[in-house]
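K.L.:
Before anything else, here's the structure in question.
The values are calculated or read from the model by the stated rules, or taken from the named source; none is laboratory data. What you are looking at is a predicted structure, and each value in this text was computed from that prediction instead of being measured. All Cβ positions, glycine included, derive from the backbone under ideal geometry; neighbour counts span all protein chains shown. Surface accessibility is based on the protein's heavy atoms, side chains included, excluding ligands, DNA and RNA. Shrake-Rupley method; radii C 1.70, N 1.55, O 1.52, S 1.80 Å.
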Amino acid sequence: NLKAYLAVILFASTFHTSALIMIPVYFIAREEAWSKKVIHIIIVSGLLLLFIQPVMTMIFESAEGTKLGGYEEAILGGGEGGASIFRTIIAAVPVILSYIYRDKIKEVWPESNIFVNMCLVNFIIMSFALYNWLFARFNFYFQPYSFILLPYLIKNIFKAKEKGLVYYSFIICYFIFFYYEHVISLNVIYSSDFINL
């Protein structure tokens with residue numbers, strides 16, 4: 001229901017204007033997964049990524065004096081750094097799996113288009129976040145779809161013999177990722193007052 005959807009997004013934008021990104025995303029999410037339109041979106045995103053510096057410069061020149069202009073130094077200054085490559089790889093996993101098993105997914109889950117397309121948008125956003133971490137903020141809108149798609153794929157797409165291997169592989173890989181992100185990269189030290197660890 002587009003009217004109800006727009007009402008919710010406009011209400012959410014009163015808390016944070018970034019919620020407005022969900023308006024154009026609505027039209028992407030409704031497309032059939034891996035259709036020609038979706039492939040065109042992937043190609044255009046790839047081209048934008050290749051030419052991100054001149055594209056971002058052009059955007060900020062046209063947004064001078066607006067609220068968006070306040071992010072110019074953070075994005076074009078170059079000192080902010082990008083998101084971890086591992087976060088982008090993790091965002092790619094449900095997208096790659098849903099492409100490999102696209103025919104089977106359509107057969108067993110006709111409503112999967114929204115989840116596949118939202119995971120694809122999440123991966124595209126995380127690809128841009130490699131350039132600057134500010135893009136990764138949008139991932140809060142899209143990443144929850146992978147929390148639904150990925151378990152669904154593991155449960156319904158893989159054969160019984162494969163499920164256990166895939167399931168435990170994911171647990172090990174996520175453990176390594178979180179250890180790397182928090183303990184090594186961010187130097188977060190976890191401790192317990194109960195077991196002196």
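K.L.:
Can you pull the percent of Cα pairs in the chain with separation above 26 Å? Working shown, then result.
P.N.:
Values: 8520 of 19306 pairs.
Roughly 44 percent, rounded to a whole number.
K.L.:
Number of Lys-Lys pairs in the chain under 25 Å by Cα, sequence gap 8 or more or different chains?
P.N.:
14
K.L.:
Still on this structure: Give me the 1.4 Å probe accessible area per residue for the chain, excluding ligands and nucleic acids, in Å².
P.N.:
Values: 12920 Å² over 197 residues.
It amounts to 66 Å² per residue over the chain.
K.L.:
Between Ile189 and Lys3, take the C-beta separation as r, use R0 = 41 Å, and let me know the FRET efficiency to the nearest 0.05.
P.N.:
Details: r = 49 Å, r/R0 = 1.21.
Rounded to the nearest 0.05, the efficiency is 0.25.
K.L.:
Just to confirm my numbers, what's the Cα centroid distance between region 134-169 and region 27-56 in Å?
P.N.:
For region 134-169 versus region 27-56, the Cα centre distance is 22 Å.
K.L.:
Let me ask something additional. Highest GNM mean-square fluctuation, the chain, Cα pairs closer than 10 Å: which of Ile89, Ile171, Ile41?
P.N.:
Among Ile89, Ile171, Ile41, the largest GNM mean-square fluctuation belongs to Ile171.
K.L.:
Further question: Per residue, what volume in Å³ does the convex hull of the Cα atoms of region 87-197 enclose?
P.N.:
Numbers: hull volume 14.6 nm³, N = 111.
It is 132 Å³ per residue.
K.L.:
Considering only Ala12, Ala83, Ala129, give the residue with the highest GNM mean-square fluctuation for the chain, with springs between Cα atoms whenever their separation is below 10 Å.
P.N.:
Its mean-square fluctuation being the largest, the pick is Ala12.
K.L.:
Per DSSP H run of at least 4 residues, take -39500 (n - 2.57); add these up for the chain, divide by its residues and hand me the 222 nm value, nearest 500 deg cm²/dmol. Don't skip to the answer; put the middle values down first.
P.N.:
Numbers: 10 runs with 128 residues, N = 197.
Here the helix-only value at 222 nm equals -20500 deg cm²/dmol.
K.L.:
Test of understanding: what is the full-extension gain from Glu32 to His16, defined as 0.36 nm times their sequence separation minus their Cα-Cα distance? Please list the in-between numbers first.
P.N.:
Details: separation 16, 0.36 × 16 = 5.76 nm, distance 2.93 nm.
Stretched fully, the Glu32-His16 segment lengthens by 2.8 nm.
K.L.:
Could you tell me what fraction of 2.2 N^0.38 Å the Cα radius of gyration of region 151-191 comes to, as a two-decimal ratio? All intermediate terms of the calculation are to be shown ahead of the outcome.
P.N.:
Details: Rg = 14.0 Å, N = 41, 2.2 N^0.38 = 9.0 Å.
Normalised Cα radius of gyration, region 151-191: 1.56.
K.L.:
Once you mark the trypsin sites (Lys or Arg not before Pro) that are in a DSSP loop and have at most 16 other Cβ atoms within 10 Å, what is the longest gap between them in the chain? Each step should come with its number before you reach the end.
P.N.:
Details: sites that count: Arg30, Lys67, Lys159.
Result for the longest clean stretch: 68-158.
K.L.:
Which whole-number percent gives the relative contact order of the chain, counting Cα pairs below 8 Å spaced six or more residues apart? Can you show the working numbers first?
P.N.:
On the way: 137 pairs, mean separation 38.4, N = 197.
Averaging sequence separation for qualifying contacts and normalising by length gives 19 percent for the chain.
K.L.:
Given points 7 Å out from each Cα along the Cα-Cβ axis, report the Phe175 to Ile89 separation in nanometres with one decimal.
P.N.:
Going by the 7 Å Cα→Cβ label model, 1.7 nm.
K.L.:
Seen from all sides and averaged, what is the projected area of the convex hull of the Cα atoms in region 10-49, in nm²? Provide the component values of the computation, followed by the final result.
P.N.:
Numbers: hull surface 13.6 nm².
Dividing the Cα hull surface by four gives the mean projection, 3.4 nm².
K.L.:
Could I have the simple spin-label model distance between Leu48 and Glu111, label points 7 Å from Cα toward Cβ, reported in nm to one decimal?
P.N.:
Each label point lies 7 Å from its Cα, and together they span 2.9 nm.
K.L.:
How about region 95-197: which chymotrypsin sites (Phe, Trp or Tyr not before Pro) there lie in a loop by DSSP and see at most 11 other Cβ atoms within 10 Å?
P.N.:
Values: sites: Tyr99, Tyr101, Phe115, Phe123, Phe128, Tyr131, Trp133, Phe135, Phe138, Phe140, Tyr141, Phe142, Tyr145, Phe147, Tyr152, Phe158, Tyr167, Tyr168, Phe170, Tyr174, Phe175, Phe177, Phe178, Tyr179, Tyr180, Tyr190, Phe194; in loops: Tyr101, Tyr131, Phe158, Tyr190, Phe194.
Answer in residue order: Tyr190, Phe194.
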